[in-house]
Structure formats: C-alpha cells, structure tokens
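To start, the structure under review is shown below, and the notes come after it.
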Amino acid sequence: MKTSVAAALFVALATQVSAVAEWGQCGGIGYNGSKTCDSGLTCYYQNDWYSQCKKTTGAATTPAPTTPAGTTSVPQSTSPATGGSCPSSGGNTASSSGTSNGYYYSWWTDGAGQASYTNCAGGTYGLTWSGNNGNLVGGKGWNPGTATRVINYSGTYTPNGNSYLAIYGWTRSPLIEYYVVESYGSYNPSSAASKKGTVTCNGASYDILQTTRTQQPSIDGTQTFQQFWSVRNPKKNPGGAISGTVDVGCHFTAWSNAGMKLGTSHNYQIVATEGYFSSGSSVITVS
C-alpha cells in the first residue's frame, strides 16, 4: 500500500539505531528506527507500513505480545453488512492478520491516528480513520491469491486526503508487489512510477506502471524487488457508493506483455483500503 516515492525514500534514508528485539517494528513507510533485528531474528514484512522482527523461519517462536494498551483486537462480527454498514467497535484497533468468515484479512495501523477496523460477515470489512496523521491499511481477500481470480467489490469509500482502494498482493519467484488501483483520494499512488503502457480490462482503461524498491521490507524480509501497477484512468469517483469487477488475469497478462513478469507462487491477494495522513471511511464487500 503505497504512498509517495518521497515517503519511500525517507524510509530508505532513515538513520538506523540499535538492533530491534523480537516482535519489535523493523520497517515500513514512515518508520525511521532501526531495520536491524537482534541475533537470530529476521525482519519479516507484514504490509507496506509495518515489518516485524521474528525468529528466523524454521525456528520455534514465542507467543506474540498481547494487544497494546489503548487498543482493541479486530472485532469479528457475523452480522450481515446491510445498507452499506458494518458495525464499528470505535477506538483504535490493534494490527493483526488471519482469517474471518472464510476470507483472509490483513489490518495494520501505526497508531498515530484514530482507526477502527471491523471484520463483518462473509467478505465484508469496515474501516473508519481520523486525525490526519499516521498510516493504516486493511482489507479482505484470499491467501494465496491466484492469476485467474475475478474479484467483485461493492460498498462505500469516502476518503478525505491521501487514500486509495485497490487490489493488492504479492508473488514469489520472483518477488513482486502489485496493485490494481480502482480509486484514490487526493494523491495518485503511482505518480512517480515509470509508465509501460495502457490496458482495457472490464471496460475500463488503466495505466500500466512499474517501480523498483531497493532493500525495502517485503514478505521475505528486506529485499530489492519490483512493484507492478495498474491504475484506473480515470479513477472511480470516491466519496460514496462504489462497486466494480476486477479480472486480475487481464492485468497480469497485460503486465507480462509489457515485460513485467509476476512470480510463479502467489501470496495474499486482498481488496485494501489505505489511509496516509488523512481521514475517511469505507465499508467494502469482496467476493
């Protein structure tokens, strides 16, 4: 979940300090602390805004810390989202990922602003954020993703400032981070990317773009990798009801034809709402 290239450069140039202990943060957009974990630990990517020091894969791990004071765990509601609603618990929701009502979800916040994320029935999630401060991203989808999925989404999306609504995922072999951006707020998240062409998918035009991330957090720790983008042009109008269909295979084929080859192994694939020093709300159902 990308913000400006300037933000990414800020992370890359940030001053490193002492090594980070297990379960501590070691990377992410806007993070300016140490990216070096204690001996025996590896910096594992959680999402674009948060990476965490954990014991190297294959070694036993100790239980994760409890929810920080002042936050709540992600509410799991089985109530259907009717009329564009998804009951909010209020307050701040602690970062987490896992499964909910048959879908994979990922939620992260740096805690700088007020943010409440809720998993509702089926593929529905709700998110509200305020304070015009900090970073957050959350959504529902699948893990692993696929190269053939046709994703439907509907609900409401009302950003105030820098935000986006996008299909977001990762592949391995090679390691690739990808986005299909359907709508965004005041900032186009691929403004500084290299344009590779255009494609028409599901009746809409998208710009195809590519960027390089050098020694940045990933699902495999700190790595250098490519980002692939399809950005809807023009974007779907934010500020209320929104819906659409994304055939990821159409985008993946267009990327391949432009010389942008995804990996052979898919990691998660979600419909994500992102907020960066902004405010807003979304209730999105994916299927």
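If R0 is taken as 30 Å, the Cβ-Cβ distance between Ala19 and Ser194 corresponds to a FRET efficiency of 0.25.
Stretching Ser186 away from Ser287 to a fully extended chain increases their span by 33.6 nm, per 0.36 nm per residue minus the current alpha-carbon distance.
Given their separation in residues at 0.36 nm each and the Cα-Cα distance between them, Asn202 and Asn152 gain 16.9 nm when the chain is fully extended. Distance between the pseudo-spin-label points of Lys235 and Asn101 (7 Å out from Cα toward the beta carbon): 2.7 nm.
Any idea what log10 I(q)/I(0) is at q = 0.16, 0.19, 0.22 Å⁻¹ for the stretch 138-189, Debye with uniform C-alpha scatterers and no solvent? The Cα Debye sum returns log10 ratios of -0.57, -0.77, -0.96. Taking the Cβ of Val246 as the center, what net charge do the other residues with Cβ under 12 Å away carry, scoring Lys and Arg +1 and Asp and Glu -1? So the surrounding residues net to +1. Computed from label points 7 Å out along Cα-Cβ, the spacing between Ser243 and Thr224 is 4.6 nm.
Every number in this text was worked out from the coordinates using simple rules, so none of it is lab data. Treat the numbers as computed from the prediction; the structure is a model and nothing was measured. For neighbour counting, all protein chains shown are included, and Cβ atoms are generated from backbone atoms with ideal geometry for every residue, glycine included.
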